[in-house]
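Q: What follows is a single structure, and I will ask about it in a moment.
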Amino acid sequence: MKTRILRTAAGIALAAVLALPAGVQAHRQWMLPSATVLSGNDVWVSVDAAVSNDLFYFEHTAANVDNVKAWAPDGTEVKIENAFKSRYRSTFDVHLTQKGTYRIANVSDGVSGSYTLNGKEERLPRGTTPENLASKIPAGATDIQTAESNNRNEIFVTSGEPTTTIFKPTGKGIELVPVSHPNDLVSGEAATFQFLLDGKPAANLGVTIIPGGIRYRDQLNQIDAKTDKDGKITVTWPEPGMYWLNASIGGGREGGGAGGPGGPGGPGGAAAGTPGAPPAAAPRPAGPPQRRASYITTLEVLAL
Amino acid sequence: MQLSHRMILTGAPAVALAAGLAGPAAAQTMDVTVEIPRLGVAEYHRPYVAIWLEKPGTPAVRSLSVWYDFDKKNNEGTKWLRDVRQWWRVSGRTLQFPVDGVTGATRAPGANKVSYTAGKGVLGNLSGGDYVLVVEAAREVGGRELVRLPFSWPPKPGQIVRAAGKSELGAISIAFRK
């Protein structure tokens with residue numbers, strides 16, 4: 001009996017892993033660039049990447065940055081340099097050799113789900129993607145249920161004048177379209193962003209924005225916004241600083257519809273499991289897998 | 001894809017200025033005096049200072065002077081230009097450095113005078129109306145301050161506009177002459 005519970009618990013934990021990018025089970029993921037508005041002739045940014053409760057303190061676990069990519073204003077992919085993973089954070093550099101706005105992104109697409117084989121329900125293994133899905137389902141499997149998850153954690157940095165070439169949407173998951181440029185934000189001013197879901201305006205999407213520096217204050221000072229019919233939100237920045245922005249569907253993460261803070265996206269750790277899932281000792285998750293998408297970015301708001 | 005108002009404005013300052021500031025050339029000179037305060041700090045570096053002209057209600061922004069560490073190898077001094085943050089946003093980020101007639105070396109503490117003449121050099125022609133001369137200073141390992149001096153064009157000869165900073169800038173004046 002004991003063995004069975006353990007195995008099932010592991011299965012649930014795995015399900016939670018599948019739902020989230022880079023094997024992160026909870027807490028807040030973030031990338032924090034050394035600067036977002038840059039001048040000069042030999043421009044670099046160093047980026048910290050971590051998963052933590054408080055923003056932006058590396059106090060929980062380093063983010064896996066093997067999958068991070070960067071694109072120059074002309075659309076070419078540029079190298080991630082000096083990547084290093086320490087206990088609580090990863091760090092890497094990007095050399096900005098062109099003028100304009102760069103995108104640095106960790107994008108992961110996964111498939112979660114289950115099938116029945118020989119009368120037993122099995123979960124799709126970790127690392128299942130739309131591309132390798134077929135190979136992960138054994139012959140004879142029935143009752144196959146799958147759902148895609150698209151997770152994007154990205155930041156923007158600009159050398160010289162901001163440009164918009166790298167904002168061309170991929171049409172997958174949640175993406176940000178700059179009505180206001182994310183590297184042209186100033187305290188006291190209003191900024192508007194549009195969100196797309198699979199390339200179309202994401203209406204009624206919950207967006208959570210939290211200013212950094214949580215450790216040294218009592219309140220989160222969280223800004224909760226809902227996108228309008230065009231997928232847009234407008235935020236007036238209360239103060240300068242780095243802000244964490246998250247929007248998601250299907251996973252109960254901060255900013256998401258169902259769940260919200262306290263769900264698996266909030267504090268709770270790996271044991272929180274999938275939304276709607278029974279406690280870890282229960283034999284089987286309930287309901288079909290949910291389509292999920294999550295978007296995270298870090299925005300720098302400068303002082304006037 | 002639509003950009004912010006501010007970006008569109010600052011994206012094409014030269015074009016905007018041509019429209020905003022065009023007019024008959026008047027032999028009017030502005031003597032601008034910028035006092036850089038002497039500070040008793042352990043590590044002192046001369047501030048980066050930008051002086052520019054805005055025409056309220058229009059996108060016209062013209063950089064007149066930028067004092068920075070222009071003579072470092074590989075143009076390294078440009079790395080900190082963005083710390084003159086308001087200027088960087090409205091004008092600096094669109095420029096290629098050095099800028100002829102605009103960029104120059106940092107200045108020592110004391111009263112620093114610089115003159116601009118309408119119809120000549122960086123000031124160009126000014127159409128009639130209200131303007132603001134903006135002076136912003138940012139000091140390495142120090143603070144940053146911005147001072148605005150509004151005036152109307154054409155000015156009366158002998159007219160003086162004064163303002164003063166509190167920390168990184170001292171007294172600032174514009175004296176107008178023929």
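The values are calculated or read from the model by the stated rules, or taken from the named source; none is laboratory data. Only a predicted model underlies this, so the values are computations on that prediction, with no experimental measurement involved. Reconstructed Cβ throughout: ideal geometry from the backbone, glycine too, with neighbour counts over all protein chains shown. With ligands, DNA and RNA removed, areas are computed over all heavy atoms of the protein, side chains included. Shrake-Rupley method; radii C 1.70, N 1.55, O 1.52, S 1.80 Å.
Q: Whole angstrom only: what separates the Cα centroid of region B:116-178 from the Cα centroid of region A:45-117?
A: 45 Å
Q: Please compute the per residue accessible area over region B:25-177 with all protein chains in place, 1.4 Å probe, rounded to a whole number of Å².
A: Here the per-residue accessible area is 44 Å².
Q: Taking the alpha-carbon distance from A:Lys120 and a cut-off under 27 Å, which lysines remain once sequence neighbours fewer than 8 residues away in the same chain are dropped?
A: The qualifying lysines are A:Lys2, A:Lys136.
Q: Mind ranking A:160-170, A:228-238, B:62-72 by how tightly packed they are, going by the mean number of other C-beta atoms within 10 angstrom, highest first?
A: Highest-to-lowest ranking by the protection proxy: B:62-72, A:160-170, A:228-238.
Q: With θ set to phi - 60°, apply the Karplus curve 6.51 cos²θ - 1.76 cosθ + 1.60 along region A:71-85 and write out the HN-Hα couplings as whole Hz, x wherever there is a Gly or Pro.
A: In residue order, the calculated couplings are 10, 7, x, 7, x, 6, 7, 10, 5, 8, 10, 6, 5, 8, 10 Hz.
Q: Can you sort B:Lys178, A:Lys69 by 1.4 Å-probe accessible area, starting with the largest?
A: B:Lys178, A:Lys69
Q: So how much accessible surface do A and B hide from each other in total, probe 1.4 Å, in square angstrom to the nearest 100?
A: Result for this pair: about 1800 Å² buried.
Q: Let me ask you something else. So what's the net charge close to A:Leu55: Lys and Arg +1, Asp and Glu -1, counting the other residues with Cβ under 10 Å from its Cβ?
A: Net charge around A:Leu55: +1.
Q: Something else now. Can you give the FRET efficiency to the nearest 0.05 for A:Thr116 and A:Arg291, using r as the Cβ-Cβ distance and R₀ = 22 Å?
A: So the FRET efficiency works out to roughly 0.60.
Q: Give the aspartates and glutamates whose C-alpha is closer than 12 Å to that of B:Lys73, dropping any in the same chain fewer than 8 places away, or say none.
A: A:Asp42
Q: Between their Cα atoms, which of A:Lys168/A:Lys229; A:Lys232/B:Lys55; A:Lys168/B:Lys79; A:Lys79/A:Lys232 are more than 26 Å away from each other?
A: Result: A:Lys232/B:Lys55; A:Lys168/B:Lys79; A:Lys79/A:Lys232 exceed 26 Å.
Q: What residues qualify as long-range amide H neighbours of A:Leu96, i.e. H under 5 Å apart, gap of 5 or more or another chain, H built at 1.01 Å from N?
A: A:Val43, A:Trp44, A:Val45
Q: Same structure again: Residue by residue through A:33-40, how many Cβ atoms from other chains fall within 10 Å of the Cβ on average?
A: That works out to 5 on average.
Q: Can you tell me the dipole magnitude for region B:25-177 around its Cα centre, using point charges on the Cβ only (Lys, Arg +1; Asp, Glu -1), in Debye to the nearest 20?
A: Dipole size: approximately 140 debye.
Q: Hey, got the average number of other protein chain Cβ atoms within 10 angstrom for residues in B:68-78?
A: Average neighbour count from other chains, rounded to a whole number: 2.
Q: Between A:Val68 and residues 5 or more places away or on another chain, which pairs have amide H atoms under 5 Å apart, with H built 1.01 Å from N, and which residues are they?
A: Amide H neighbours of A:Val68, under 5 Å, 5+ apart: none.
Q: Exactly which trypsin sites (Lys or Arg not before Pro) in region A:84-160 are in a DSSP loop and have at most 10 other Cβ atoms within 10 Å?
A: A:Arg87
Q: By accessible area of protein heavy atoms, probe 1.4 Å, what ranking do A:Thr142, A:Thr61 get, highest first?
A: A:Thr142, A:Thr61
Q: If you plug each phi of region A:180-185 into the Karplus form 6.51 cos²θ - 1.76 cosθ + 1.60 with θ = phi - 60°, what whole-Hz ³J(HN,Hα) values come out, in order, with x for Gly and Pro?
A: Rounded to whole hertz, the list is 8, 6, x, 10, 9, 10.
Q: Calculate one ³J(HN,Hα) per residue across region A:103-118 by plugging θ = phi - 60° into the Karplus curve 6.51 cos²θ - 1.76 cosθ + 1.60, and present them in order as whole Hz with x for glycine and proline.
A: Each residue of region A:103-118 in turn: 10, 10, 9, 10, 10, 9, 10, x, 10, 10, x, 8, 8, 10, 9, 6 Hz.
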